[in-house]
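Here's the structure, in structure tokens; my notes come after.
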Amino acid sequence: MKPTLTSIIVGFLIALCGEMIRIWSVSYAGSETRTTSGVGGTYLVTQGPYAIARNPLYIGNIMIYTGIGIMSYALFPWLQLFGLIFFTFQYYCIILREEEFLAGKFGETFKKFTSSVNRFLPAFSGVPDEIKSQLSLNVKAGLKSEKRSIQAFLISSLIVVAGYIWGIKN
């Protein structure tokens with residue numbers, strides 16, 4: 001199947017929302033989230049998107065992957081469903097390790113955080129004042145940290161649009 005105008009628009013909007021969530025998240029958490037050296041963390045981030053869902057970066061990633069899959073319209077809907085399930089499972093496994101680390105490092109504060117904010121499903125109940133982090137929003141740093149992700153998102157989008165324009169089949 002080849003991309004359609006509808007698949008490109010819908011997929012792009014989903015992926016764009018995912019990238020915006022990532023930028024918002026990194027604007028609070030900082031570039032420390034971009035590590036591949038294992039689980040860690042200097043501080044517990046409980047503000048911004050982290051007050052709505054504990055893992056907004058992973059939510060953003062899943063939205064980007066799913067959105068680009070929808071844009072491409074490749075093997076629709078099976079590839080998109082597989083990607084959604086696969087990456088949700090992958091991030092769930094990572095989250096379990098991260099939560100074990102955070103529980104050990106932040107103790108009761110992390111326990112209160114987990115009882116008031118869901119892992120994946122956004123909730124707007126808020127974080128108790130006594131566990132709110134004192135981090136400030138830094139969009140400039142967030143954009144700088146996300147530079148490569150933004151580039152990958154835009155290049156992927158351009159490839160799909162080029163395929164649509166020139167009629168390249170998947």
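Report the extension gain between residue 75 and residue 120 in nm, rounded to one decimal, defined as 0.36 nm multiplied by the number of residues separating them, less their alpha carbon distance.
Numbers: separation 45, 0.36 × 45 = 16.20 nm, distance 2.64 nm.
In short, 13.6 nm is gained.
What lysines sit close enough to residue 111 to cross-link, taking a C-alpha to C-alpha distance under 17 Å and skipping anything fewer than 8 places away on the same chain?
By straight Cα distance, residue 111 reaches 132.
What helices does the chain hold that run 30 Å or longer along their axis, going by alpha-carbon atoms, with a Kyte-Doolittle average of 1.0 or more, using DSSP H for the helix calls?
The qualifying helices are 5-29.
Suppose every K and R has +1 on its Cβ and every D and E has -1 on its Cβ; what is the size of the dipole of the chain about the Cα centre, in Debye to the nearest 20?
For this selection, approximately 360 debye.
How much length would be gained if the chain were fully extended between residue 90 and residue 39, taking 0.36 nm per residue of separation minus their Cα-Cα distance, in nm to one decimal?
Extra length available between residue 90 and residue 39 comes to 16.9 nm.
With +1 on the Cβ of every Lys and Arg and -1 on the Cβ of every Asp and Glu, and nothing else charged, how large is the dipole of the stretch 94-170 about its Cα centre, in debye rounded to the nearest 20?
Roughly 340 debye for the stretch 94-170.
Given the -39500 (n - 2.57) contribution per DSSP H run of 4+ residues, what per-residue ellipticity at 222 nm results for the chain, rounded to the nearest 500 deg cm²/dmol? Present the calculation step by step, with values, prior to reporting the outcome.
On the way: 5 runs with 108 residues, N = 170.
Theoretical 222 nm ellipticity from helices: -22000 deg cm²/dmol.
Report the convex hull volume per residue for the stretch 5-166, counting only C-alpha atoms, in Å³.
Numbers: hull volume 18.4 nm³, N = 162.
Looking at the stretch 5-166, the number lands at 114 Å³ per residue.
Every read-out reported here was derived from the displayed coordinates using simple, explicitly stated rules and does not represent laboratory data. This structure is a prediction, so every number in the text was calculated from the model and none was measured. Positions of Cβ are generated from backbone atoms using ideal geometry, with glycine treated the same way; all protein chains shown enter the neighbour counts.
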